[in-house]
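The structure appears right after this line, and notes come after that.
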Amino acid sequence: VDAVVGMEGNGPASPDLLDIGLIMASDDAMAMDAVMAKMMGLEPGRLRFLRKAQEIGLGDYDLDKIEIIGELKTLPHFKLPSLGGEAVSENKAIQEILHSRTLLVPEVDPELCTACGTCVDQCPVSALSMNGDTPLVDADTCITCFCCQEICPERAITLK
């Protein structure tokens with residue numbers, strides 16, 4: 001991961017740049033995501049996409065099981081994107097209510113989408129499929145990693 005300069009907030013859609021000064025490497029994408037989450041001040045286990053990915057056997061986000069060479073430093077004052085209800089409470093009942101009302105789901109703007117299929121090809125859990133001229137998101141399969149939004153060359157995918 002080229003983290004010499006990183007993007008805060010909503011990533012490419014809101015390019016607030018931050019000098020980080022790191023190059024990171026891993027042969028385990030989940031481990032890398034867990035380490036980066038910790039660097040941004042998040043507990044990896046609180047992130048739905050990491051929990052869901054672990055449930056389906058894509059890896060482990062437990063930092064105690066990840067070999068980190070070098071020092072793991074938290075980025076001070078890192079500006080996070082909106083995470084919905086998952087970052088709000090440890091209470092499972094409250095989390096479920098908030099989750100159902102605040103979960104961000106990718107939505108395709110048919111006016112902007114060129115049906116290039118990049119989002120479909122890049123989705124790590126195959127939650128997108130082509131439905132005529134626009135991709136269709138399977139919300140039950142989606143792990144809310146938002147790779148589709150970040151990779152879309154037309155910026156046709158927003159979070160609703």
Report task. Could you please find all residues in the stretch 46-61 being surrounded by fewer than 14 Cβ atoms within 10 Å (Cβ to Cβ) and either outside any loop (DSSP other than H, G, I, E, B) or touching a residue at least 24 places away in the same chain (Cβ under 8 Å) (or both)? Result -> 55, 56
Requested in this report: Considering only the stretch 145-160, state which residues are among the aliphatic types (A, V, I, L, M) and surrounded by fewer than 19 Cβ atoms within 10 Å (Cβ to Cβ).
Outcome: 151, 159
Query raised in the report: Is it true that some residue in the stretch 145-155 is more than 22 Å from residue 29 (Cβ to Cβ) and either modelled with pLDDT of 95 or more or part of a strand (DSSP E or B) (or both)?
Result: no
Report task. Kindly indicate which of 7, 36, 30 is in a strand (DSSP E or B) and either under 15 Å from the mean Cα position of the chain (by Cα) or at pLDDT 80 or above (or both). Result -> 7
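The values are calculated or read from the model by the stated rules, or taken from the named source; none is laboratory data. As the structure is a prediction and not an experimental result, all values here were calculated from the model. Heads up, the Cβs are rebuilt from the backbone with ideal geometry, glycines too, and the neighbour counts pull from every protein chain shown.
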